[in-house]
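Read the structure below first, then the notes.
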Amino acid sequence: MQDRPTIYELLRSVQRFLSDEIVPATEGRRQFLARVAANAIGLVERELENESVHARREWAGCDELLGTAPMPGERAAVADAVRSRNDLLCARIRAGDYDAESPQRAALLRHVRQTVHDKLEVTNLAYLEVDARRG
């Protein structure tokens, strides 16, 4: 693990530089690309900040739907394992396993809503804020 600056401090510095220095000093396509880069850095920062919590929640939801399995400890292994479990879940959805009203269908809907919420927490906070105001 590195000391200072932390990965978050580095990301914030680059994002601030792009937003405060480059975007105002450019026009047209360069300005647009600088905004895209600044937004991408913000997305990476939010992904890193929320990654372990979101992965554990998604894993728990899959446990409820697919049966329990030990969650890998390595970051890359977790991502691969979550993708594999999601592939299995999608196959079961396509097969009609959750079509009928049941506790399993209700669990699936809870899992999907939570997973989408977690993804929006990283990719589109503004949408979540608007959705929260709508109630």
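The values are calculated or read from the model by the stated rules, or taken from the named source; none is laboratory data. It should be emphasised that the depicted structure is a prediction, and the values quoted were computed from it without experimental measurement. Positions of Cβ are backbone-derived with ideal geometry, glycine not excepted, and every protein chain shown enters the neighbour counts. Heavy atoms of the whole protein, side chains included, go into the accessibility calculation; ligands, DNA and RNA do not. Shrake-Rupley method; radii C 1.70, N 1.55, O 1.52, S 1.80 Å.
The condition of being under 22 Å from N124 (Cβ atoms), in contact (Cβ under 8 Å) with a residue 60 or more places away in the chain, acidic (D, E) and part of a helix (DSSP H, G or I) does not hold for E51. Pairs linking a residue in the range 111-134 that is farther than 20 Å from A40 by Cβ and among the β-branched types (V, I, T) to a residue that is open to solvent by 60 Å² or more (accessible area, probe 1.4 Å) and part of a helix (DSSP H, G or I), with Cβ atoms under 9 Å and 6 or more positions apart or on different chains, are T115/R57. If you go through the range 69-87 and keep only what is open to solvent by less than 80 Å² (accessible area, probe 1.4 Å) and either polar (S, T, N, Q) or touching a helix residue (DSSP H, G or I) at 6+ places or on another chain (Cβ under 9 Å) (or both), you end up with A69, M71, P72, V78, A79, A81, V82, S84, R85, N86. Can you find a residue that is within 16 Å of T123 (Cβ to Cβ) and at pLDDT 95 or above anywhere in the range 60-73? No - not one qualifying residue is present in the range 60-73.
Of everything in the range 46-68 that is small (G, A, S) and over 13 Å from the mean Cα position of the chain (by Cα), the residue that is most open to solvent (accessible area, probe 1.4 Å) is A60.
Considering the conditions (1) part of a helix (DSSP H, G or I); (2) of a type in the set (A, V, I, L, M); (3) under 24 Å from A107 (Cβ atoms), A69 is excluded by exactly one of them, (1).
Among the residues of the range 107-115, is there at least one that is modelled with pLDDT under 95 and hydroxyl-bearing (S, T, Y)? No, the range 107-115 contains no residue that is modelled with pLDDT under 95 and hydroxyl-bearing (S, T, Y).
The number of residues in the range 88-120 being in a helix (DSSP H, G or I) and open to solvent by less than 50 Å² (accessible area, probe 1.4 Å) comes to 9.
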